[in-house]
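Here's the structure, in structure tokens; my notes come after.
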Amino acid sequence: MTSPTPAAWAWQGARDSLPMLIGAAPFGVIFGTLAIAAGLSPLTTQAMSLLVFAGSSQFIAVSLVAAGAALPVLWLTTFVVNLRHALYSATLLPYARQWPRAWRWPLAFWLTDETFAVVEHRFRTQGAAGGQWYWLGSSLAMYGNWQAWTLAGILLGRSVPGLAQLGLDFAMVATFAAIVAPQLKKRPTLAAATVAGLTALLARGLPYKLDLMLAALLGVGAGLLLEGKRKEAA
């Protein structure tokens, strides 16, 4: 049996990311709408999606720009918000450690919450064969999708008042819930999700989205603790 070609691996990555493409669409539209409302030009708004490509950071940056925040405040805030990517990198490092920099650097730029969820699940359950191409396929699909929906938001920003208040962001929450739920079959995974969820709820409101980092760290700790006990019992 012949191995899949690089194009086939990339197509699989893009195909598996389809639910994420649908879930990210409302966010792209809302970002484009909010950026125009905040006074950014269409060119600047699209350039932010092209060069930054980080949804939550882009939303926060737009709100800070609208509030007249200084550049150092904007840079520091978006840096803290994106610290969760350090956790993503640590998780995927065992698979990507031996890849050349020509692969790791661009894939690191394109690593988003959605692509991480798709790639990590595939590597963990099916192995990392063709991993660079699979990751690339998911990344390019997400990148192109984000650019298209940002443009749609720019075009709709002035013609559909109040678009950002329609609750379209629920689509992303539902998408991630559908991905996480089937994985909650083992106690360590369930414990990690429970601790992370409770921590995020109790710590809600911490500045710079630190509640998310705290929830992630405590969730990982709880999962590792139970996983260690499970192995000792076995």
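Could you tell me which residue of segment 120-136 is surrounded by the fewest Cβ atoms within 10 Å (Cβ to Cβ), considering only residues that are free of Cβ contacts under 8 Å to residues at least 40 places away in the same chain and outside any helix (DSSP H, G or I)? Here the answer is Gly127. Just one of the numbered conditions (1) closer than 22 Å to Thr5 by Cα; (2) hydrophobic (A, V, I, L, M, F, W, C); (3) touching a residue at least 40 places away in the same chain (Cβ under 8 Å) is not true of Leu87: (1). For segment 23-38, the tally of residues that are of a type in the set (A, V, I, L, M), surrounded by fewer than 21 Cβ atoms within 10 Å (Cβ to Cβ) and in contact with a helix residue (DSSP H, G or I) (Cβ under 7 Å, 6 or more places away or on another chain) stands at 4.
The set of residues in segment 190-217 that are under 20 Å from the mean Cα position of the chain (by Cα) and crowded, with 17+ Cβ neighbours inside 10 Å comprises Ala192, Ala193, Ala196, Thr199, Ala200, Lys209, Asp211, Leu212, Met213, Ala215, Ala216.
Within segment 2-15, can one find any residue that is within 25 Å of Leu155 (Cα to Cα), at pLDDT 90 or above, part of a helix (DSSP H, G or I) and open to solvent by less than 20 Å² (accessible area, probe 1.4 Å)?
Step one: list which residues in segment 2-15 are within 25 Å of Leu155 (Cα to Cα), which gives none.
Within segment 2-15, not a single residue is within 25 Å of Leu155 (Cα to Cα), at pLDDT 90 or above, part of a helix (DSSP H, G or I) and open to solvent by less than 20 Å² (accessible area, probe 1.4 Å).
Taking segment 218-234 as the range and being exposed (fewer than 14 other Cβ atoms within 10 Å of the Cβ) and either within 15 Å of Ala86 (Cα to Cα) or without any contact (Cβ under 8 Å) to a residue 12 or more places away in the chain (or both) as the test, the residues that pass are Gly228, Lys229, Lys231, Glu232, Ala233, Ala234. Based on this model, can you work out whether Phe116 counts as closer than 20 Å to Leu18 by Cα, open to solvent by 30 Å² or more (accessible area, probe 1.4 Å) and part of a helix (DSSP H, G or I)? Yes: the conditions hold for Phe116.
The conditions of being of a type in the set (S, T, N, Q), open to solvent by less than 60 Å² (accessible area, probe 1.4 Å) and over 23 Å from the mean Cα position of the chain (by Cα) are met by Ser41.
In segment 137-153 there is no residue that is open to solvent by 60 Å² or more (accessible area, probe 1.4 Å) and farther than 22 Å from Ala25 by Cα.
The values are calculated or read from the model by the stated rules, or taken from the named source; none is laboratory data. Worth saying up front: this structure is predicted, and the values here are computed from it rather than measured. FYI the Cβ positions are ideal-geometry reconstructions off the backbone, even for glycines, and counts take in every protein chain you see. Protein only, heavy atoms only, side chains kept; ligands, DNA and RNA dropped before computing areas. Shrake-Rupley method; radii C 1.70, N 1.55, O 1.52, S 1.80 Å.
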